[in-house]
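The values are calculated or read from the model by the stated rules, or taken from the named source; none is laboratory data. This is a predicted model, so every value here is computed, not measured. Cβ atoms come from the backbone with ideal geometry, glycine included; neighbour counts cover every protein chain shown. SASA here: full protein model, heavy atoms, side chains in, ligands and nucleic acids out. Shrake-Rupley method; radii C 1.70, N 1.55, O 1.52, S 1.80 Å.
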Amino acid sequence: MSPSPREGLTSPAEGLTAEQLLEAELIDAEEDLSPTPPVAAARRRLRAHPLLLLVGIVLASLNMRAALAGVSPVLSEISDDFGMTATVSSLVTTIPLIFMGVVSPLAPKLARRWGTETVLFGALVLLAGGIVLRVAPPVVALFAGCAVVGAGIALLNVLMPGLIKRDFPEKAAGMTALYSMAMIMGATVSAAAAVPLEHALGGWRGSLVSWALLAAVAACAWLPQAVLARRGTRHGQAATVPAQPAPSAAGAGSGAGPKLARSALAWQVTLFMGSQSLIAYVTIAWLPTIFTDHGMSKASAGLVFAFSTLVQMGGSFVVPTLAGRMRRQRLLCAVVALFMAVGVAGLLVAPVGGAWVWATLLGLGQGGALGIALTLMVLRSGDPHTAARLSGMAQTWGYLLAAAGPLLLGAVHQATGGWTVPIVLLLCVCAALVLLGLGAGRDRRIGAAAG
């Protein structure tokens, strides 16, 4: 059995193996909770049938980015259909991010009350309903659907890692790799298929609503697990109870620990997470449009965007492994930011001629930046309880910061009539990412670092 996340967190000088890092990154939303006896018995029965869990995890992971990635290749058609400006159309990406930030803190509370399996099933139902709502005729339905989609994805983001850690403790590294790969593949296929589906299904509505089927299939896979996990639990009874803190972690169960809001290091990690997310979601929102505005066909722009998403897989696996072997990650943070900066700058020089090169650099940089952001949450925390709290802080404020990106750049594009100024602003974010990485990448721990 691999070393526990707690062991990895308390031995920074020795470095972390790839397996330790992958396991430690599985932040558990139920860290301080224990299931009630009926729920514990149900989970033992579920673990006796790991194929059902495996299928459910893969299907849920495929859905975690597909509903967002499939929008940008057809965003111009959505805008034309509703007569929206660039600023207003950016809300299609901004609204889900806002709700991802707002709903993320609610996920552990819902899991405490209803159980992780039931909340995951509900999240997939929300996601399917939100996807369908986005294609209803009134423009208000488009934005309402985006909010519901964001809420569903937020619940999946928070709860999936802990479920993998809980149900596959001896295969956590392999399951994390599978989960990450499925998430990226879902986004890649969604982006690549958006324009062909638009042509085949008679418009952008057919293209978007098709992904509701994938969410519905995933919900069906989680339905028996949700029913079984609640069986034997009386109506109104919570699925979990507060765990008894271990003697060596006294006070952890009651929420004790360093005050993250007063820690400069915690804010540096949070803002690093938010800044790299901002760059990523600006790319999701506007990269295909930048290509098509410079003369590339919609189908080609969708393929280049899909390729950039696929390349993220390399950076997301390699960079965390390197980070775990270093006492300081400052140089690594600067390198991933530089990859993104060169990719962004290339859009000013030769947006179409060098599209595949810029897409490759952006993908590697974005995958690496996300990987190191998750790794920093582990390395800068002294214990799993602090890591879980820091993850919640980084996801909440990180997504809210990221939400400003597509909206701001859309407004600047509309005001200037071109992409030069928005791209320069994105380069400024890359520069800020370097500075944040220099702070977050220090060999410090929250609670021990100055500030």
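Does Phe317 fit the bill of being aromatic (Phe, Trp, Tyr), assigned to a helix (DSSP H, G or I) and crowded, with 20+ Cβ neighbours inside 10 Å? Here the answer is no, as Phe317 does not meet what is asked. Candidates in segment 136-174 are the residues that are among the β-branched types (Val, Ile, Thr) and farther than 20 Å from Lys109 by Cα; of these, the one that is surrounded by the fewest Cβ atoms within 10 Å (Cβ to Cβ) is Val140. Cβ separations smaller than 9 Å between residues 6+ apart or across chains give no pair from segment 349-363 residues that are closer than 23 Å to Ala334 by Cα to residues that are among the aromatic types (Phe, Trp, Tyr) and outside any helix (DSSP H, G or I). None of Ala299, Ala306 is closer than 22 Å to Val189 by Cβ, open to solvent by 30 Å² or more (accessible area, probe 1.4 Å) and touching a helix residue (DSSP H, G or I) at 6+ places or on another chain (Cβ under 6 Å) except Ala299. From the list Leu426, Leu361, Leu338, the lone residue that is open to solvent by less than 20 Å² (accessible area, probe 1.4 Å), at pLDDT 95 or above and closer than 28 Å to Leu303 by Cβ is Leu426. Counting the residues of segment 92-107 that are closer than 16 Å to Gln395 by Cβ, in a helix (DSSP H, G or I) and open to solvent by less than 30 Å² (accessible area, probe 1.4 Å) gives 6. Only residues that are buried (at least 24 other Cβ atoms within 10 Å of the Cβ) and outside any loop (DSSP other than H, G, I, E, B) were counted across segment 79-91, and they come to 1. For segment 97-114, the set of residues classified as in contact (Cβ under 8 Å) with a residue 24 or more places away in the chain, within 12 Å of Leu155 (Cα to Cα) and not aliphatic (A, V, I, L, M) consists of Phe99, Gly101, Ser104, Pro105, Pro108, listed by residue number. Here Val336 qualifies as closer than 11 Å to Gly368 by Cβ and under 24 Å from the mean Cα position of the chain (by Cα).
Filtering segment 116-125 for residues that are of a type in the set (D, E, K, R), open to solvent by 10 Å² or more (accessible area, probe 1.4 Å) and in a helix (DSSP H, G or I) leaves an empty set.
Just to check your reading of the model, which residue among Val58, Val39 is among the β-branched types (Val, Ile, Thr), at pLDDT below 95 and open to solvent by 40 Å² or more (accessible area, probe 1.4 Å)? Talk me through it step by step, then tell me what you get.
Working: Val39 fails: open to solvent by 40 Å² or more (accessible area, probe 1.4 Å).
The conditions single out Val58.
Counting the residues of segment 341-358 that are under 23 Å from Gly439 (Cβ atoms) and open to solvent by less than 10 Å² (accessible area, probe 1.4 Å) gives 1. Of the candidates Arg389, Arg444, the single residue that is farther than 30 Å from Ile290 by Cβ, open to solvent by 30 Å² or more (accessible area, probe 1.4 Å) and part of a helix (DSSP H, G or I) is Arg389.
How many of the residues in segment 415-435 are in contact (Cβ under 8 Å) with a residue 12 or more places away in the chain and either among the acidic types (Asp, Glu) or not in a helix (DSSP H, G or I) (or both)? Number satisfying all stated conditions: 1.
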